[in-house]
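Peer 1: Got a structure here, written out as structure tokens. Questions coming.
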Amino acid sequence: MSLKVGEKLGPYEVLASIGEGGMGEVYKARDTRLDRVVALKVSKEDFSDRFEREARAVAALNHPHICQLYDVGPNFLVMEYVEGAPLAGPMAVGKAVEYAGQILDALAHAHGKRITHRDLKPANILVTKQGIKLLDFGLAKQQAGVVENSDATVKALTAKGEILGTLQYMAPEQLHGKETDARSDVFSFGCVLYEMLSGKRAFEGESAASIIGAI
């Protein structure tokens, strides 16, 4: 579902296309009720009831380094619009430590509310003038298995929905389809920190199978 500039999705008017990801397309939009700019993430499919409940739980998170979720529609998420660039290494150790502290502070806040990210990776971490902002927080939950596809992104299927994660940053228990918790996020954070310092991914391979083997 591609939206054009000026088109509306409920009360949200599209201002510009931001990009496309595994879940769907992302737009810069205006909430016509509150007259504020938001990020509109439109899924390729309708959300399950469970996904919507989880998303609303994440909306309760309030932290300066977590991108806030404002609203959930039948096939779209409405989030805080954040101007910044995805986290990229290599960088100076001092800067890496500064950003790492902000990431961990945000994770600790969410883990304290029993919410885990499950897709922590540089592309989901924006560097802004005010510091780090974590995106897509807590929307990938209860992984149940691994299916390989061409862009090394795995899809875990549940009885009521489809959840995405990025292979190179997934903890071993996540790849095995076992229960995940805060420790899974800590593993992913380690991969991100390695990349911040070295500019290289911690785990690579020529195929999904070889990456899984390396992890």
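Peer 1: Looking at Gly101, Gly112, Gly73, which one is at pLDDT 95 or above and over 17 Å from the mean Cα position of the chain (by Cα)?
Peer 2: Exactly one of Gly101, Gly112, Gly73 is at pLDDT 95 or above and over 17 Å from the mean Cα position of the chain (by Cα), namely Gly101.
Peer 1: OK, next. In the list Val192, Val186, which residue meets the criterion of being open to solvent by less than 50 Å² (accessible area, probe 1.4 Å), under 18 Å from Leu107 (Cβ atoms), β-branched (Val, Ile, Thr) and not in a loop (DSSP other than H, G, I, E, B)?
Peer 2: Every option except Val192 fails the conditions.
Peer 1: Can you tell me which of Arg183, Arg118 is at pLDDT 85 or above, on the phi > 0 side of the Ramachandran plot and among the charged types (D, E, K, R)? So that I can check it myself, show each step before the final result.
Peer 2: Values: Arg183 fails: on the phi > 0 side of the Ramachandran plot.
On inspection, the qualifying residue turns out to be Arg118.
Peer 1: Restricting to the stretch 7-22, what's the tally of residues that are in contact (Cβ under 8 Å) with a residue 12 or more places away in the chain, at negative phi, in a loop (DSSP other than H, G, I, E, B) and open to solvent by 40 Å² or more (accessible area, probe 1.4 Å)?
Peer 2: Count: 1.
Peer 1: For the stretch 82-91, check the following and say yes or no: at least one residue is closer than 21 Å to Thr128 by Cα, in contact (Cβ under 8 Å) with a residue 60 or more places away in the chain, open to solvent by less than 50 Å² (accessible area, probe 1.4 Å) and within 14 Å of the chain's Cα centre (by Cα).
Peer 2: Yes; the residues of the stretch 82-91 include at least one that is closer than 21 Å to Thr128 by Cα, in contact (Cβ under 8 Å) with a residue 60 or more places away in the chain, open to solvent by less than 50 Å² (accessible area, probe 1.4 Å) and within 14 Å of the chain's Cα centre (by Cα).
Peer 1: Need a quick list: strands (runs of 3 or more DSSP E) entirely within the stretch 34-146 having at least 2 residues that are farther than 17 Å from Met23 by Cβ, out of contact with any Cys (no Cβ under 8 Å at 6 or more places or on another chain) and not acidic (Asp, Glu).
Peer 2: In the stretch 34-146, the matching strands (runs of 3 or more DSSP E) lie at 36-43, 125-128, 131-134.
Peer 1: Which ones in the stretch 162-180 are open to solvent by 20 Å² or more (accessible area, probe 1.4 Å), at negative phi and either among the aromatic types (Phe, Trp, Tyr) or not in a helix (DSSP H, G or I) (or both)? Can you show your working first?
Peer 2: Keep residues of the stretch 162-180 that are open to solvent by 20 Å² or more (accessible area, probe 1.4 Å), which gives 162, 164, 172-173, 175-179.
From what's left, at negative phi: 162, 164, 172-173, 175-176, 178-179.
Across the stretch 162-180, the qualifying residues are Glu162, Leu164, His176, Lys178, Glu179.
Peer 1: A further question follows. Looking at the stretch 42-53, is at least one residue of a type in the set (A, V, I, L, M) and open to solvent by 80 Å² or more (accessible area, probe 1.4 Å)?
Peer 2: No; the residues of the stretch 42-53 include none that is of a type in the set (A, V, I, L, M) and open to solvent by 80 Å² or more (accessible area, probe 1.4 Å).
Peer 1: Here's a follow-up. Going through the stretch 195-214 one residue at a time, which ones are open to solvent by 40 Å² or more (accessible area, probe 1.4 Å), farther than 17 Å from Ile103 by Cβ, among the hydrophobic types (A, V, I, L, M, F, W, C) and touching a residue at least 12 places away in the same chain (Cβ under 8 Å)?
Peer 2: Phe203, Ala209, Ile212, listed by residue number.
Peer 1: Within the stretch 23-33, how many residues turn out to be aliphatic (A, V, I, L, M) and outside any strand (DSSP E or B)?
Peer 2: So the answer is 1.
The values are calculated or read from the model by the stated rules, or taken from the named source; none is laboratory data. Worth saying up front: this structure is predicted, and the values here are computed from it rather than measured. Every residue, glycine as well, gets a Cβ built from its backbone with ideal geometry; the counts of neighbours run over all protein chains shown. Accessible surface areas use protein heavy atoms only, side chains included; no ligands, DNA or RNA. Shrake-Rupley method; radii C 1.70, N 1.55, O 1.52, S 1.80 Å.
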